[in-house]
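Here is the structure we will look at, set down as structure tokens.
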Amino acid sequence: MMGASEQARCRFIARQVVTEYARDKVAKALYEAILEGLEFGPRDLPLAEDREWIRRAIGVPLQEATDAALEVLSQSVGRTLERAPNGLLERFARSHQLEALAFD
């Protein structure tokens with residue numbers, strides 16, 4: 001079980017890693033992977049409503065996969081930074097706390 005300071009550190013790292021920009025990039029990459037895997041041409045799905053149904057249907061799995069990927073990524077980055085030498089994680093956290101308070 002994590003202590004309060006470790007949980008706070010994990011939340012801090014997650015906020016740094018899991019941004020809207022990151023979410024958008026991951027979702028786009030996963031969408032491209034889906035398109036390659038589910039490649040359908042007009043002859044395979046001649047009905048526009050079938051093609052539209054597939055586009056809508058992959059939205060939920062795409063969102064779930066994006067959320068899971070970012071969760072795993074932030075945890076992995078957090079564990080990696082926990083092992084950083086010379087108090088690197090603490091210095092990183094302090095520098096970003098000052099940014100959040102608008103002190104540079």
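The values are calculated or read from the model by the stated rules, or taken from the named source; none is laboratory data. If you're wondering where the values come from, they're calculated on a predicted model, not measured in any experiment. Note: ideal-geometry Cβ built from the backbone for every residue, glycine included; neighbour counts use all protein chains shown. When the accessible area is computed, the model is the full protein with side chains, heavy atoms only, and any ligands, DNA or RNA have been set aside. Shrake-Rupley method; radii C 1.70, N 1.55, O 1.52, S 1.80 Å.
For residue 32, tell me the accessible area in Å² from a 1.4 Å probe, rounded to the nearest 10.
Looks like 100 Å² after rounding.
Under 13 Å from the Cβ of residue 39, count the other residues' Cβ atoms, weight Lys and Arg +1, Asp and Glu -1, and hand me the total. Could the numbers behind the result be given before it?
Numbers: positive: 43, 51; negative: 32, 36, 44.
After counting each charged neighbour, the total is -1.
Quick check for you: with a 1.4 Å probe and neighbouring chains kept, what is the accessible area per residue of the chain, in Å²?
Values: 8050 Å² over 104 residues.
So the chain comes to 77 Å² accessible per residue, rounded to a whole number.
Pairs of alpha-carbon atoms within less than 8 angstrom and 6+ residues apart define the contacts here; what relative contact order does the chain have, in percent? Display every interim value, and only then the final one.
Details: 35 pairs, mean separation 45.0, N = 104.
It comes to 43 percent, rounded to a whole number.
Taking R0 as 25 Å, what's the FRET efficiency between residue 22 and residue 92 from their Cβ-Cβ distance, rounded to 0.05? Can you show the working numbers first?
Working: r = 17 Å, r/R0 = 0.67.
The value I calculate is 0.90.
In nm, to one decimal, how far is the modelled label at residue 57 from the one at residue 35, with both set 7 Å along Cα→Cβ?
1.9
Assign unit charges at the C-beta atoms only (+1 for Lys and Arg, -1 for Asp and Glu), then state the dipole size of the chain relative to its Cα centre in Debye, rounded to the nearest 20.
Approximately 420 debye in magnitude.
With everything on Cα atoms, drop me the angle between helix 20-37 and the longest principal axis of the chain, reported from 0 to 90° to the nearest 10.
The angle comes out at about 30 degrees.
Just flag the chymotrypsin sites (Phe, Trp or Tyr not before Pro) in segment 33-96 sitting in loop per DSSP whose Cβ has no more than 15 other Cβ atoms within 10 Å.
On the way: sites: 40, 53, 92; in loops: 40.
For chymotrypsin sites (Phe, Trp or Tyr not before Pro) across segment 33-96 that sit outside H, G, I, E and B with at most 15 neighbouring Cβ atoms in 10 Å, the list reads 40.
Measure off, as a whole percent, the carbon and sulfur share of the 1.4 Å-probe accessible area of the chain, all protein chains present. Show your work: numbers first, answer last.
Numbers: 4730 of 8050 Å².
Here carbon and sulfur together make up 59 percent of the probe-accessible area.
Provide the net charge surrounding residue 71, with neighbours chosen by a C-beta distance below 14 Å and charges set as Lys +1, Arg +1, Asp -1, Glu -1. Write out the running numbers ahead of the final one.
Numbers: positive: 11, 15, 23, 79; negative: 64, 67.
Summing Lys/Arg as +1 and Asp/Glu as -1 gives +2.
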